Structures are given as structure tokens and as C-alpha cells.
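Read through the structure below, which is laid out as C-alpha cells, and then see the notes.
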């Protein structure tokens, strides 16, 4: 099967307590998530939500996971992809990028990010 549909959520902002340092665990920080999921359509045309992945459900899953603190963004990224695949088994490829918008690195102007991708 060569055809595929890709669903994306881009520049989704969250506040969370992810990080290794005590300051991050206490004060929290802003994060941005970009998510891309691909699957093969069941038929020639998608006509209902049952045949695709609901953006609202994806957002709710992301929101729940982003509210659970992890020390490493790598852990967070991997666990989010696993949760998505558990809920939406039709997903064949997933990629997530999690950006820490204001990392606690003295002198750093910019942000840091972790990206993770997986094929099922």
C-alpha cells in the first residue's frame, strides 16, 4: 500500500515541569510540541472520524502526557509516541519534536529540542 495520510499538530504550547534541575521541577517552563502521524487509509476516500485520527483526541493525549513531569525530554517523547500508538493502532509512522522554549542554560539565546520518530 503506497498511499498514506499524515496528520499533524504544529506549534502546540504547554506549560510543564520537565527537566533535571531543581529549578525546572519547581518553577516549570514552556514547551512547544510538533507531532506528525502517518497511516494508510482504509478505503479510497475518508468520510468519517472513524477512518482517521481525531485531532482533538490527539491534543487531549498530548495535554495529559505533558502534565506528567519527566526529567528527560527523550523519555517524554518516546512515551508520548507509545501512548499514541496504543490508542491509535492504525498509525504506521510517528514523529514528535518537543522544544524547551527557555532552557536554564546561562548565556543561551534560543531553545533546545528533542525529536523522536518510530515506524510500526
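The values are calculated or read from the model by the stated rules, or taken from the named source; none is laboratory data. Since the model is a prediction, treat every value here as computed from it, not as a measurement. When we count neighbours, we look across all protein chains shown, and the Cβ atoms used for this are built from the backbone with ideal geometry, even at glycine.
Going by the structure shown, is residue 64 in contact with a strand residue (DSSP E or B) (Cβ under 9 Å, 6 or more places away or on another chain) and surrounded by fewer than 13 Cβ atoms within 10 Å (Cβ to Cβ)?
Values: in contact with a strand residue (DSSP E or B) (Cβ under 9 Å, 6 or more places away or on another chain): no; surrounded by fewer than 13 Cβ atoms within 10 Å (Cβ to Cβ): yes.
Considered against the rule, which asks whether it is in contact with a strand residue (DSSP E or B) (Cβ under 9 Å, 6 or more places away or on another chain) and surrounded by fewer than 13 Cβ atoms within 10 Å (Cβ to Cβ), residue 64 comes out as no.
Any residue at all in the stretch 43-55 that is under 19 Å from residue 77 (Cβ atoms), surrounded by 11 or more Cβ atoms within 10 Å (Cβ to Cβ) and in contact with a strand residue (DSSP E or B) (Cβ under 8 Å, 6 or more places away or on another chain)?
Yes - at least one qualifying residue is present in the stretch 43-55.
Give me the residue from the stretch 85-120 that is within 13 Å of residue 62 (Cβ to Cβ) and part of a strand (DSSP E or B) and, out of that set, farthest from the chain's Cα centre (by Cα).
94
Scan (1) exposed (fewer than 14 other Cβ atoms within 10 Å of the Cβ); (2) in contact with a helix residue (DSSP H, G or I) (Cβ under 7 Å, 6 or more places away or on another chain) for the single condition residue 106 breaks and write down its number.
Residue 106 satisfies every listed condition except (2).
Can you tell me which residues in the stretch 1-25 are under 18 Å from residue 73 (Cβ atoms) and either modelled with pLDDT under 95 or more than 12 Å from the chain's Cα centre (by Cα) (or both)?
Selection gives 15, 16, 17, 18, 19, 20, 21, 22, 23, 24, 25.
Just give me the residues in the stretch 1-18 being in contact (Cβ under 8 Å) with a residue 12 or more places away in the chain, within 21 Å of residue 117 (Cα to Cα) and in a loop (DSSP other than H, G, I, E, B), in sequence order.
Across the stretch 1-18, the qualifying residues are 1, 3, 4, 18.
Test of understanding: among 56, 82, 32, which residue is in a helix (DSSP H, G or I) and within 15 Å of residue 10 (Cα to Cα)?
The unique qualifying residue is 56.
Based on this model, can you work out whether residue 43 counts as touching a helix residue (DSSP H, G or I) at 6+ places or on another chain (Cβ under 8 Å) and without any contact (Cβ under 8 Å) to a residue 12 or more places away in the chain?
The answer is yes for residue 43.
Keeping to the stretch 26-42, report how many residues are modelled with pLDDT of 95 or more, surrounded by 14 or more Cβ atoms within 10 Å (Cβ to Cβ) and closer than 23 Å to residue 95 by Cβ.
Counting residues in the stretch 26-42 that are modelled with pLDDT of 95 or more, surrounded by 14 or more Cβ atoms within 10 Å (Cβ to Cβ) and closer than 23 Å to residue 95 by Cβ gives 10.
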